[in-house]
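A.B. asks: The structure that follows is given in the form of structure tokens.
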Amino acid sequence: MKINVHAGHNPDGKIACGAVGLIKESTEARKVKKEVIRLLRKKGHKVYDCTCTNGTSQTDVLKRIVTKCNKHKVDLDISIHFNCGVRDKKGNGKTTGTEVYVYSEKSTAKPVAERVVKDIAALGFKNRGVKIRTDLYVLHRTNSPAMLIECCFVDDKDDVKLYDAKTMAAAIVSGILGKN
């Protein structure tokens with residue numbers, strides 16, 4: 001397979017660097033992205049890193065990522081993200097979980113997204129499912145089938161406690177390749 005993978009934001013400390021909670025989205029997305037790429041290459045797949053490191057605004061970051069992605073004819077575009085918004089910094093004993101977005105029900109990325117979210121949930125995260133989003137720039141501007149993975153929540157103590165970058169990456173790769 002040929003696959004584009006990217007962390008969805010600028011690096012920490014720059015504009016549009018993503019969500020911040022108990023952990024930082026940009027830092028963790030880059031760790032997961034790096035390991036996903038390593039694991040896929042180890043299995044013989046051609047992988048392009050389309051991460052942006054120097055965007056000047058949120059829109060510019062998105063445009064730069066999509067431009068990089070669209071330079072390659074691939075089977076799949078993968079955007080690595082972390083969610084935010086539950087403000088559960090003390091923990092309530094339950095994870096808020098993982099979800100994966102695709103552009104449409106008919107996207108050829110959807111069955112892959114279903115496997116990815118299932119394999120991440122198997123680590124102990126709540127399975128929030130695969131969701132359709134036509135408004136996400138990366139999903140509707142990339143030329144190849146795309147998915148945006150929200151690994152877990154940066155502001156949920158239970159998610160953060162369970163999260164490990166290498167384990168998360170292994171689950172993502174397992175879902176992509178359809179192998180546990």
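A.B. asks: Amide H of D12: which non-local residues (sequence gap of 5 or more, or other chain) have their own amide H closer than 5 Å, using H built in the peptide plane?
C.D. replies: T27
A.B. asks: I need the peptides 120-126, 51-57 ranked by packing, meaning the mean over residues of other C-beta atoms within 10 angstrom, with the highest value on top.
C.D. replies: Working: 120-126: 19.0, 51-57: 15.9.
Result, highest mean first: 120-126, 51-57.
A.B. asks: Give the residue from I15, M1, I176 lying farthest towards the positive end of the charge dipole for the chain; charges sit on Cβ (+1 for Lys and Arg, -1 for Asp and Glu) and the dipole is referred to the Cα centre.
C.D. replies: Sorting the options by dipole projection puts first M1.
A.B. asks: Give me, ordered by chain and number, the residues 5 or more places off C151 or on other chains with an amide H under 5 Å from its own placed amide H.
C.D. replies: Long-range HN contacts for C151: H81, F82, N83.
A.B. asks: Continuing with this model, one more query. In whole Hz, what ³J(HN,Hα) sequence does segment 129-143 give by Karplus (6.51, -1.76, 1.60; θ = phi - 60°), x for Gly and Pro?
C.D. replies: Karplus values, whole Hz, x for Gly and Pro: x, 9, 10, 8, 9, 8, 9, 7, 3, 4, 6, 9, 10, 6, 7.
A.B. asks: Right, something else. Calculated from the structure, Cα Rg over 2.2 N^0.38 Å equals which of [x] 0.94; [y] 1.10; [z] 1.06?
C.D. replies: Of the labelled values, this structure produces [x].
A.B. asks: Could you give the dipole magnitude of the chain about its Cα centre, charging the beta-carbon of Lys and Arg +1 and that of Asp and Glu -1, in debye to the nearest 20? Provide the component values of the computation, followed by the final result.
C.D. replies: On the way: 34 positive and 20 negative charges, 110 e Å.
Its charge dipole is roughly 520 debye.
A.B. asks: Expressed in nm to one decimal, what extension gain is obtained for the pair K106 and K73 from 0.36 nm per residue of sequence separation less their Cα-Cα distance?
C.D. replies: 9.9 nm
A.B. asks: What spacing in nm lies between the two simple spin-label points modelled at R41 and N143, each 7 Å away from Cα in the Cβ direction?
C.D. replies: 2.3
A.B. asks: Quick one: if the Förster radius is 25 Å, what FRET efficiency do L162 and R87 give, using the C-beta to C-beta distance and rounding to 0.05?
C.D. replies: Efficiency, from the Cβ-Cβ distance: 0.90.
A.B. asks: Among 76-83, 152-159, how do they line up from the highest to the lowest mean number of other beta-carbon atoms within 10 Å?
C.D. replies: So the order, starting with the most tightly packed, is 76-83, 152-159.
A.B. asks: I'd like the Karplus ³J(HN,Hα) series for segment 17-33: coefficients 6.51, -1.76, 1.60, θ = phi - 60°, whole numbers in Hz, and an x wherever there's a Gly or Pro.
C.D. replies: 9, x, 6, 10, x, 6, 10, 9, 3, 4, 4, 6, 4, 5, 5, 5, 4
A.B. asks: Given a 1.4 angstrom probe, I'd like the percentage of the accessible area of the chain that is carbon and sulfur, rounded to a whole number.
C.D. replies: Exposed carbon and sulfur together represent 49 percent of the surface.
A.B. asks: Roughly how compact is segment 2-102, stated as its Cα Rg over 2.2 N^0.38 Å to two decimals?
C.D. replies: Against the compact-globule rule of thumb, the ratio is 1.15.
A.B. asks: Taking +1 at the Cβ of each Lys and Arg and -1 at the Cβ of each Asp and Glu, which of C69, S104, F153 sits farthest along the dipole of the chain towards its positive end, judged by Cα position relative to the Cα centre?
C.D. replies: C69
A.B. asks: Give me the 1.4 Å probe accessible area per residue for the chain, excluding ligands and nucleic acids, in Å².
C.D. replies: That works out to 48 Å² per residue.
A.B. asks: When the helices in the chain are scored as -39500 (n - 2.57) per DSSP H run of 4 or longer and the sum is shared across all residues, what 222 nm value do you end up with, to the nearest 500 deg cm²/dmol?
C.D. replies: -11500 deg cm²/dmol
A.B. asks: Arranged from highest to lowest average of other beta-carbon atoms within 10 Å per residue, in what order do the peptides 93-100, 59-66 appear?
C.D. replies: 93-100, 59-66
A.B. asks: Using 0.36 nm times the number of residues separating T134 and K179, minus their current alpha carbon distance, what extension gain do you get? Can you show the working numbers first?
C.D. replies: Working: separation 45, 0.36 × 45 = 16.20 nm, distance 2.85 nm.
So the extension gain works out to 13.4 nm.
The values are calculated or read from the model by the stated rules, or taken from the named source; none is laboratory data. Keep in mind that what you see is a predicted model, and the values were worked out from it rather than measured. Positions of Cβ are backbone-derived with ideal geometry, glycine not excepted, and every protein chain shown enters the neighbour counts. Areas reflect the complete protein model, heavy atoms only, side chains present, ligands, DNA and RNA absent. Shrake-Rupley method; radii C 1.70, N 1.55, O 1.52, S 1.80 Å.
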